[in-house]
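Heads up: the structure comes next, in structure tokens.
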Amino acid sequence: MSQSRTSHSSWTLLLDYGPLLAFFAAYKLAGSGLQGTLVATVVFMIAAVVSIAIGLVVVKRVSPMVWLSTILIVGFGGITLYLHDPRFIQMKPTIIYLLLAAMLVGGLLRGKAVLKWLFGPVFPGLSEDGWLKLSRNWALFFLLLAIANEVMRATLSFDAWLTLKVWGVSIVSFLFAIGNMPMLLRHGLDLDSKAEVAKDAPVE
């Protein structure tokens with residue numbers, strides 16, 4: 001892998017996960033409770049917008065998934081701040097997971113791999129059949145994540161929910177992306193892109 005490609009991947013990874021990590025760090029630094037949640041929400045919103053700006057300037061590309069996530073972060077974050085109710089920022093992952101699952105299923109019903117548009121050029125050589133199977137797998141996974149987020153939101157404290165959201169969901173998504181590797185390789189994925197696949201698991 002070339003140095004420029006490695007640098008591109010590192011920036012993409014940082015910009016994808018940066019806002020969520022900033023949210024987590026701000027909450028821990030500001031302290032638990034409503035005030036800490038509101039401060040962290042402001043930081044989350046700012047970090048998401050900054051991430052978009054840096055992506056456009058440095059990487060020259062921002063994936064549609066990141067655009068969608070940022071819009072929802074700003075929207076639900078604004079509602080959270082206005083109503084002083086952290087439940088709305090907690091609902092944001094559920095909404096984005098359901099939207100993504102619906103988009104993927106809608107594409108599959110039309111024989112289209114919407115995931116190819118969402119992820120962009122990160123799986124070189126992957127056949128159309130491979131894209132369709134990957135879209136199916138992620139659609140099911142997003143649906144399970146939406147259910148899991150609602151269960152966590154209803155049963156856990158904000159602190160516990162945020163910790164699981166940042167570390168638990170990220171690790172599970174990473175492992176799920178790795179688990180798709182054998183199927184991707186069977187459907188034409190270029191072996192040189194192997195290191196990229198695990199980095200492009202959706203976040204937020």
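The values are calculated or read from the model by the stated rules, or taken from the named source; none is laboratory data. What you see is a predicted model, and the numbers here were worked out from it, not measured in a lab. Using ideal geometry, Cβ is built from the backbone for each residue, glycine included, and neighbour counts are taken over all protein chains shown.
Quick notes on this one:
- Residues of segment 96-112 include none that is in contact with a Leu (Cβ under 9 Å, 6 or more places away or on another chain), surrounded by fewer than 18 Cβ atoms within 10 Å (Cβ to Cβ) and within 21 Å of residue 18 (Cα to Cα).
- Restricting segment 136-172 to residues that are among the hydroxyl-bearing types (Ser, Thr, Tyr) and assigned to a helix (DSSP H, G or I), the residue that is surrounded by the most Cβ atoms within 10 Å (Cβ to Cβ): 170
- Residues of segment 89-130 satisfying the condition of being within 22 Å of residue 175 (Cβ to Cβ), among the aromatic types (Phe, Trp, Tyr) and not in a loop (DSSP other than H, G, I, E, B): 97, 119
- Selection status of residue 125, surrounded by fewer than 16 Cβ atoms within 10 Å (Cβ to Cβ) and closer than 20 Å to residue 190 by Cα: yes
- Screening residue 56 against (1) farther than 22 Å from residue 99 by Cβ; (2) within 17 Å of the chain's Cα centre (by Cα); (3) surrounded by fewer than 17 Cβ atoms within 10 Å (Cβ to Cβ) leaves a single unmet condition, (2).
- Residue 133 being within 22 Å of residue 18 (Cβ to Cβ), among the basic types (Lys, Arg), part of a helix (DSSP H, G or I) and modelled with pLDDT of 90 or more: no
- When restricted to residues that are free of Cβ contacts under 8 Å to residues at least 40 places away in the same chain and either β-branched (Val, Ile, Thr) or closer than 20 Å to residue 67 by Cα (or both), segment 109-158 contains 10.
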